Structure formats: C-alpha cells, structure tokens
Amino acid sequence: MNTQVEMRVGGSIITVLHIARIEGNPDKHSINKYVGGFRRPGEQPDWFADDMVEFEHRYGDGITELVRKGLNAIKESEELQ
C-alpha cells in the first residue's frame, strides 16, 4: 500500500509526497524499506526514478513517523547533491 501526503497552500495542492514500501511486511515489529519522493498534483510516481530516496521504518511506529522519516531522507539526499 502506498502513502500520499498532499501539501496545500490556500486550498490548492502544490506538491504530493509519495511513499511506498518496497521490502518488508506489516508486522508491527518489522523494519521495512521504503522509497519516497515529491510529484506534482496528478503526476504518478516512478518508484525507480533517480530522485526517489530509500529509507527504513519500523511499521509499528505509525504513519506520522513514516512521513517524518521520508521527509528527512529527502532533505538529506538534497543536501548531498
């Protein structure tokens, strides 16, 4: 299952954070591998694109932590470029 987080300004969607689990399972103790990246509204993600970043997340830590880790991974990736 994929996660999409719409980011809005004044009611208009300006970007969407897409996150997908690429390895692991939904056991609450499972440490899974994810990819994430930003896309324009209506644009579908290419999970293998160069701008997608990989990160790990413990499934039981929940969606808020998943999103935080995804945003941090993207930020760190941009800082390395």
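Of note:
- Between the entries (i) 35.1, 114; (ii) 12.8, 39; (iii) 17.2, 57, the label attached to Rg and Dmax of the Cα atoms in Å calculated for this structure is (ii).
- Among GLY10, PHE38, ALA49 the positive-end extreme of the charge dipole of the chain (Cβ point charges): GLY10
- Subtracting the Cα-Cα distance of ASP46 and GLU6 from their residue separation scaled by 0.36 nm leaves 12.7 nm.
- The fewest-to-most ranking of SER30, SER12 by surrounding Cβ atoms within 10 Å reads SER12, SER30.
- Residues of type aspartates and glutamates that LYS75 reaches as a straight line, Cα spacing below 13 Å, ignoring anything fewer than 8 places off in the same chain: ASP51, GLU54
- 0 to 90° range, to nearest 10: angle between helix 63-80 axis and the chain longest Cα axis: 70 degrees
Read-outs throughout are calculated quantities, based only on the coordinates presented, and are distinct from any laboratory measurement. Please read all numbers here as calculations on a predicted model, not as lab measurements. So basically every Cβ, Gly included, is an ideal-geometry build from the backbone, and we count neighbours across all protein chains shown.
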